[in-house]
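The values are calculated or read from the model by the stated rules, or taken from the named source; none is laboratory data. Every value quoted in this text rests on a predicted model; they were computed, and no experiment measured them. In this analysis, Cβ positions are derived from the backbone assuming ideal geometry, glycine residues included, and neighbour counts consider all displayed protein chains. Just so you know, the surface numbers come from the protein's heavy atoms only, side chains and all, with ligands and any DNA or RNA stripped out. Shrake-Rupley method; radii C 1.70, N 1.55, O 1.52, S 1.80 Å.
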Amino acid sequence: MDIKQKLKEDIVCISRMLHRKNYLAATDGNVSVRLGDLVFVTPSGVNKGLMEAYQVLTVDLEGKLLSGEGKPTSEIRMHLLAYKLRPDVGAVVHAHLPYATACTLAGIDLLEPVLPEVVITLGGIPTAPYATPGSDEVPEAVRDYLRDYDAILLSRHGAMTVGRDVTDAYNKMEKLEHTARVILAARLQGPLPPLPPVEVEKLQRLREEYKRGG
């Protein structure tokens, strides 16, 4: 199997995992992978739990369709911005996480350092302001956060994660939704105390080791 076909198969695998985990419904969500000047991306209007590799489209870094039938996801501009701003990013995942989206509706901020594993693996989870789905407003809403964060909540619109490959981006999405579930459950009992600043500093040092693969 050549590398292009392998990456398309990886997108299908992750898309099906997102669907099985209830991270998206029906035709929601989108996934892309970058290979040099090419981007493989899910098409618009296709159920991610039923998608096949032949349906994955190929576009260039400007979003021009190079191969495949149909239209790229309406959120393609958000994906392309991530690749433009972050040369280290090899994949982008956007999903409509139930619990994480609920946090944005309830005004619950996940950026405050509460869980140590989140500080280590994600650095933090900011919330971008609301933007009309599928519009040019979406990439502009996440632009400033993309430079520093690998997981971003989109107000009323799920979340996006970036990673070195599609599995890495998916893992961050899973971590994000798990965090949202923990925070929502804990808040039922009252306010949540953040980690002490000295502990956050230690965790941030561990994050640097984590990013280097240590």
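Points worth noting:
- Considering only the chain, percent of DSSP beta bridges that pair antiparallel, nearest 5: 90
- Electrostatic dipole magnitude of the chain [Cβ: Lys, Arg +1; Asp, Glu -1; Cα centre; debye, to 20]: 280
- Cα gyration tensor of region 60-136 - equivalent ellipsoid semi-axes, whole Å, descending: 28, 17, 11
- Listed by chain and number, the aspartates and glutamates placed with their C-alpha closer than 20 angstrom to that of Lys211 are Asp88, Glu117, Asp148, Asp150, Asp165, Asp168, Glu174, Glu199, Glu201; residues fewer than eight positions away on the same chain are left out.
- In this structure the chain gives 50 Å² per residue of accessible area when probed at 1.4 Å with all protein chains present.
- The Cβ shell under 11 Å around Leu18 holds other residues with a net charge of +1, Lys and Arg each +1, Asp and Glu each -1.
- Computed over protein heavy atoms with a 1.4 Å probe, the carbon and sulfur contribution to the accessible area of the chain reaches 52%.
- In this label model, Leu111 and Met1 are separated by 4.0 nm, measuring between points 7 Å along each Cα→Cβ vector.
- Stretched out straight at 0.36 nm per residue, the stretch from Asp88 to Glu62 would grow longer than its current Cα-Cα span by 7.6 nm.
- Listed by chain and number, the lysines whose alpha-carbon sits under 16 Å from that of Lys84, ignoring those within fewer than 8 places in the same chain, are Lys64.
- Most mobile listed residue (Pro113, Pro139, Pro194) in the chain, GNM with C-alpha springs under 10 Å: Pro194
- Most mobile listed residue (Arg143, Arg34, Arg77) in the chain, GNM with C-alpha springs under 10 Å: Arg143
- Stretch gain in nm, segment Met17-Leu50, where the contour uses 0.36 nm per residue and the Cα spacing is subtracted: 10.8 nm
- Amide N of region 88-127 lying under 16 Å from the label point, which is placed 7 angstrom from the Cα of Ser155 along Cα→Cβ: 101-111, 126-127
- Cα lying deepest toward the dipole's positive end in region 99-214, options Leu122, Pro133, Tyr145, charges on Cβ: Leu122
- Largest GNM mean-square fluctuation across Val59, Val33, Val162, computed for the chain with C-alpha springs under 10 Å, falls on Val59.
- Built amide H within the under 5 Å cut-off of Ser74, gap 5+: none
- Region 141-155 - phi-based ³J(HN,Hα) in whole Hz, Karplus 6.51/-1.76/1.60, Gly and Pro as x: 5, 9, 3, 5, 7, 4, 5, 10, 10, 9, 9, 9, 7, 10, 3
- The mean of 1/r over all distinct Cα pairs in the chain, once inverted, gives the Kirkwood hydrodynamic radius of 17.4 Å.
- For the chain, averaging the sequence separation of C-alpha pairs within contact (under 8 Å, six or more residues apart) and dividing by the residue count gives a relative contact order of 20 percent.
- In loop segments of region 1-67 as defined by DSSP, the GluC sites (Glu not before Pro) with at most 16 further C-beta atoms inside 10 Å of their C-beta are Glu52, Glu62.
- Between Gly163 and Gly90, Ala91, Ala169, the built amide H atoms are under 5 Å apart, and every one of these is 5 or more places off in sequence or on another chain.
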